[in-house]
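Report on the structure given below.
The values are calculated or read from the model by the stated rules, or taken from the named source; none is laboratory data. Keep in mind that this is a model prediction, so the values were computed, not measured. Every residue, glycine among them, receives a Cβ derived from its backbone with ideal geometry; neighbour counts consider all protein chains shown. To get the accessible areas, we keep the full protein, side chains included, count just its heavy atoms, and leave off ligands, DNA and RNA. Shrake-Rupley method; radii C 1.70, N 1.55, O 1.52, S 1.80 Å.
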Amino acid sequence: MTGQTRKLELQLFGSFFCRWSDGEPLEVRGAKHRALLAILATAPNGTHTRAWVRETLWMLSGEDLGRASLRRSLSDLRKLFGAEFDRLFRTSNIDIQLNLDHVDLIGDAADGIFLDGLSLAEPGFRDWLKQKRHHYKRDSGAMLLAARAGVAPKLAILPFLPRMRTEDERHLADLLAMEISRTMSRSRLIDVICHLSSRRLNARVLDLTEIRETLGFDYVVYGSVFLEDGVFRVAADLADAESGRLIWSEDFGGKMRELVSGQTNMVADISRRIGHGVLTASVELAQSRPASDIQSHALLMSAVTLMHGLHKPDFLRSKAYLEELISRMPDQAALHAWLAKWYILAASQGWSAAGRTQQLAVDSASRALDHDPKCAFSLAVDGMVHSHSGSDDATVVDRFEQSLQTDPNQALAWLLYSRHQMFLGNGEEALAFADRACMLSPYDPHQYFYDLLRACAKSVCGDYEGALELADASLSANPRHTSTHRVKTIALASMGREAEARAAADQLLRWEPGLTIRSYLQNHPSGGGGLTQSWAEALRFAGIPET
């Protein structure tokens, strides 16, 4: 077998062993050399940043000595692998990659403990090894169950009560509960109890404590329906199951034939109100008590809500909530991914040093994938992080493709993939991906973000009227979001509506007073390409200062 075709075989379960696929052994003597190979071989795409590796394997040495030790270890591996080193490894000032196309991992957990006998004093490595051993003890089904366990709030839609108790009203009551359950089940932030499980409960003798113990939910929707001459009215309530507090109570109505034929938005309106009600209740709860006293599901909902509100004091509080959650559930991949996204948003808003924050985002995303390499949400966020860090397009696209192969219905992956296509100037692909995301999550509590990216995609396609319409819709839900103000300003300027563009620019500068054309070009994730230059010219036309 030639050197160009043979692969590196690594045995990581039981005692570490390394050889070429043609049978030639390779003696890797140093414990940290073995650890480095194992870390890269089990990393997403075989890649970790130099900073992460240094902190994991040489944190006790200090930063300067740690850098030197990492360089020396790579030099030792180059001597070991000889001419094969450049085929197996890619190194840069930022990261280190082991080409997994040329590596086979042999054996599995049946062969022994992961890296049995490999022991280092480094606390970072000990944490990594503990996480990996825990990971390999669990089967994929258990991992899927644990991915949201204790984090996502559980919602039950109880059967609505027929006021007149007629057969038609009973059918209507069941239909409404089923449709609302189906619609809410599309949320990526809320777990919905199966309609058939909720159906057997008697809402006439509603005892929240008893029902909560039966189904284990956190929020409940219940109410009544009245039907007469083809016209119906619905009285719906949303309550906190633990405290019994009524979060909201509203009336809805419509024509029966429109509901059956799908010509009414009533179910969508109720579902949207439920989502916002749960988010609002979570934020209020989190703000009223110390983070350590708040239930995990309420902390997560509050953290995500405050993160996307982009009001700086709330934004900073959301990080504290995520850190509290991670201290409770350090193995939850999605929590580390949310923290990575927080760092990206912090850098985008200019609220922290870009370089340092970018590195923290990379580290958090890597941590998420270390816990669960197949978590679709974590892969999507990692793609977003790589897009911001200026990684090559192939790496970014690979992350989004992996996410969508794992879960084709992951709305956020489609949305962030749309964003990357937009930066590449691929307007049609960006719009198609954004539309797909909206279809998968039509009543997302953060619909403004979906509208923003669709507006951006339409702008890339030259549909500035469509971009303006979506930007206005996004701003009606989140008037402080500076990216949306930029899109609106660019759309108006691109249509030559100078007076309106200048008014929009004034509003933009109110929320982002330090914005200049120079800072815009320097900080834009797509770099200074033609698309960014054209948008900068539109902002210049609207009156944004040069420096």
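How large is the accessible surface of Glu500 in square angstrom, using a 1.4 angstrom probe and rounding to the nearest 10?
90 Å²
Can you give the angle from 0 to 90° between the axis of helix 427-440 and the longest principal axis of the chain, with both taken from C-alpha atoms, to the nearest 10?
That works out to roughly 60 degrees.
What number comes out for the charge environment of Glu500, summing +1 per Lys or Arg and -1 per Asp or Glu over other residues with Cβ under 12 Å away?
Summing Lys and Arg as +1 and Asp and Glu as -1 gives 0.
From the helices alone, meaning DSSP H stretches of at least four residues, give me the mean residue ellipticity at 222 nm for the chain, per-run term -39500 (n - 2.57), in deg cm²/dmol to the nearest 500.
-18500 deg cm²/dmol
With a 1.4 Å probe and all protein chains kept in place, how do Arg497, Arg6 rank by accessible area, largest first?
Arg497, Arg6
Leaving ligands, DNA and RNA out of it, work out the accessible area of Cys456 with a 1.4 Å probe and give it in Å² to the nearest 10.
Approximately 10 Å² for this residue.
Rg/Rh for the range 376-529: what does it come to with C-alpha atoms and Rh from Kirkwood?
0.97
Enter the accessible area per residue of the chain (Å², integer; probe 1.4 Å; all protein chains in place).
With the other protein chains kept in place, the chain gives 44 Å² per residue.
List the residues whose amide H sits under 5 Å from the amide H of Ile106, counting only those 5 or more places along or on another chain, with H placed 1.01 Å from N in the peptide plane.
Result for Ile106 returns Leu10, Gln11, Leu12.
Solvent-accessible area of Ile274, probe 1.4 Å, all protein chains present, reported in Å² to the nearest ten, please.
Its heavy atoms expose roughly 0 Å² to the probe.
If I take every Cα pair under 8 Å that is 6 or more residues apart in the chain, average their sequence separation and divide by the length, what percent do I get for the relative contact order?
RCO, the chain: 9 percent.
Beyond 31 Å between alpha-carbons counts as too far, so tell me which of Lys154/Lys488; Lys32/Lys319; Lys255/Lys458; Lys154/Lys341 fall in that bin.
Flagged as over cut-off: Lys154/Lys488; Lys32/Lys319; Lys255/Lys458.
Taking the Cα-to-Cβ direction at Asp101 and at Ser249 and moving 7 Å from each Cα, how far apart do the two end points lie in nm?
6.5 nm
Convert 20 °C to kelvin, take the viscosity as 1.002 mPa s, use the Kirkwood radius over C-alpha pairs of the range 297-405 as Rh, and evaluate the Stokes-Einstein diffusion coefficient in µm²/s, rounded to a whole number.
Answer, rounded: 156 µm²/s.
Measure nothing fancy, just the Cα-based angle from helix 354-371's long axis to the longest principal axis of the chain, in degrees from 0 to 90, nearest 10.
90 degrees
With everything on Cα atoms, drop me the angle between helix 482-494 and the longest principal axis of the chain, reported from 0 to 90° to the nearest 10.
80 degrees
Taking the structure as given and computing Rg/Rh (Cα atoms, Kirkwood Rh), which label from [x] 1.02; [y] 0.98; [z] 1.13 fits?
The listed entry that was calculated here is [x].
Please arrange Trp351, Trp535 by accessible surface area, largest first, computed with a 1.4 Å probe and ligands excluded.
The residues order as Trp351, Trp535, largest area first.
Carbon-plus-sulfur fraction of the accessible area of the chain, 1.4 Å probe, in percent?
The value for the chain is 49 percent carbon and sulfur by accessible area.
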